[in-house]
Every structure is written in structure tokens, then in C-alpha cells.
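**Student:** One structure follows; several queries about it will come next.
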Amino acid sequence: MKNADFELFADLEPGQAPVRGFLHLAQSKRAGSIVLTHGAGGNTKAPLLVALCERFAAIGFNALRCDLPFRQRRATGPPSPSNAQKDQDGLRRAVAMMKERFGGPAFLGGVSYGGRQASMLVADAPALVEGLLLLSYPLHPPGRAAQLRTAHLPRLQVPTLFVSGTCDAFGTAAELEAAVKLIPGRARLISIEGAAHGLLQKSNREELPGKIVEEFQRFVAT
């Protein structure tokens, strides 16, 4: 098997989207598998996802960067709140596929909207994965700090690593630290100095993906 665009239609019910994305195979002794997905305005080709999955594969993870069902339905535009459950179900199928194919521990995460959907899924299905990687978690809409997206956090039981820029309009470091304290399971925030919601900058583009992967590997192994 080689790294490749991936699409799985097996066992779909009417109206369900396939598991679709790009599969990066582990290049060394296998450490498990991880599914990563994109934000509301992105897709599986987002540079951060590509870089992260390449580095996860390099240290032994089979890594799938996948398009959420809403992105499969249309190439551009934001998701509809009414379709959030379908996006969570898509992530559930992606994780199940990786566990069936590769075995071992499984992890899940995503950027912004994708990370939020991953965390909501795992809050209700704690046995699904062994840990979460939440990149630029959208704690609240920009300029609306009172509209916190934290209702499910007290139900998270798995180790959860947040990575967020200190200039992210969707949540300050202080706001995110307060949110992390709501999680009964082990949780940690890594703040990226000077980074906005996209995390990658000219100054950190080369080293940041590797740093995130190393921090996540260390965090879940603790």
C-alpha cells in the first residue's frame, strides 16, 4: 500500500458520505493511527493538515486527513449548523475505518470547526479514541466572547491537547485556559506566540508542525 487519495464507500446508509481524504502510511514502527480534519473554510488540502500528517507518518502513525461530509457536498462555503451531526458521524466512520485497517491506539483531531466536531463526538463516545488534538479551537465567534462553545467540555474524558495562537480572535489564551479547566480528563493548552487562527506564519511554518506532533506524542504517552 502507498500514500494515496482515499475513498471508502463500504457499508454506507442512504444519505451518508463516504470516508474521503488522503492516507499517509507510517514510515517506521507503528504507533497507532490518527484522523485529522479541516476547519469551516478549508478542506483536506490545508497546508497545516498536510504538514502534520507527513510528520505523524514519519514517527509511526498512519494518518488520514479527511474531508468532512459538508465539504464533500460542496467545494466552498461554510457548514450549516443543522449538518453538524452528519459531520460528526463522518468522523466516527473515519476512525472506525482506521481502527479496522491498522489496529492499535486511535486518535482524532482537527482545525477549528473540525476540531470542535471531533471533541463533541468524543464527549458522547469516549471509547472511540485514546486522545484528541484540537487546533485553533473556536471557543467563541470573533467579538462575541459571551457565546462560549464549552457545553460539552465537562464530558470529555480522553487526553485532550489544545494548540492555539495568542492572537486568535476565536479565543484568548486566558479564555482557553479557563475552558481547559472544565475538562475532567487530562487536558493541556499550548499557546503559539503571535499566531492567529491559522497558526502557520512565515516565522514558524517550518518548525511548527513538527513541534505540534512531538508535543502530542509526548502528551498522549504520559
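The values are calculated or read from the model by the stated rules, or taken from the named source; none is laboratory data. Everything numeric here is computed off the predicted structure, so don't read it as measured data. When we count neighbours, we look across all protein chains shown, and the Cβ atoms used for this are built from the backbone with ideal geometry, even at glycine.
**Student:** So is residue 109 buried (at least 22 other Cβ atoms within 10 Å of the Cβ), among the small types (Gly, Ala, Ser) and closer than 19 Å to residue 200 by Cβ or not?
**Tutor:** Numbers: buried (at least 22 other Cβ atoms within 10 Å of the Cβ): yes; among the small types (Gly, Ala, Ser): yes; closer than 19 Å to residue 200 by Cβ: yes.
Yes.
**Student:** Output the residues belonging to the stretch 163-186 that are in contact with a helix residue (DSSP H, G or I) (Cβ under 6 Å, 6 or more places away or on another chain), within 20 Å of residue 198 (Cβ to Cβ), free of Cβ contacts under 8 Å to residues at least 40 places away in the same chain and surrounded by 15 or more Cβ atoms within 10 Å (Cβ to Cβ).
**Tutor:** 164
**Student:** Same structure, new question: Tell me, yes or no, whether the stretch 203-214 has at least one residue that is loosely packed, with under 14 Cβ neighbours inside 10 Å and at pLDDT 95 or above. Talk me through it step by step, then tell me what you get.
**Tutor:** Of the stretch 203-214, the ones loosely packed, with under 14 Cβ neighbours inside 10 Å are 203, 205-207, 214.
If we keep only those that are at pLDDT 95 or above as well, we get 214.
Yes, the stretch 203-214 contains at least one residue that is loosely packed, with under 14 Cβ neighbours inside 10 Å and at pLDDT 95 or above.
**Student:** Still on this model: Report whether or not residue 32 is buried (at least 23 other Cβ atoms within 10 Å of the Cβ) and modelled with pLDDT under 95.
**Tutor:** Working: buried (at least 23 other Cβ atoms within 10 Å of the Cβ): yes; modelled with pLDDT under 95: yes.
Spelling it out, residue 32 is indeed buried (at least 23 other Cβ atoms within 10 Å of the Cβ) and modelled with pLDDT under 95.
**Student:** List the helices (runs of 4 or more DSSP H) inside the stretch 64-138, counting only whole elements, that have at least 2 residues being of a type in the set (D, E, K, R), more than 20 Å from residue 49 (Cα to Cα) and more than 13 Å from the chain's Cα centre (by Cα). Reasoning before the result, please.
**Tutor:** Values: elements: 69-73, 84-102, 113-124.
In the stretch 64-138, 84-102 are the helices (runs of 4 or more DSSP H) which contain 2 or more residues that are of a type in the set (D, E, K, R), more than 20 Å from residue 49 (Cα to Cα) and more than 13 Å from the chain's Cα centre (by Cα).
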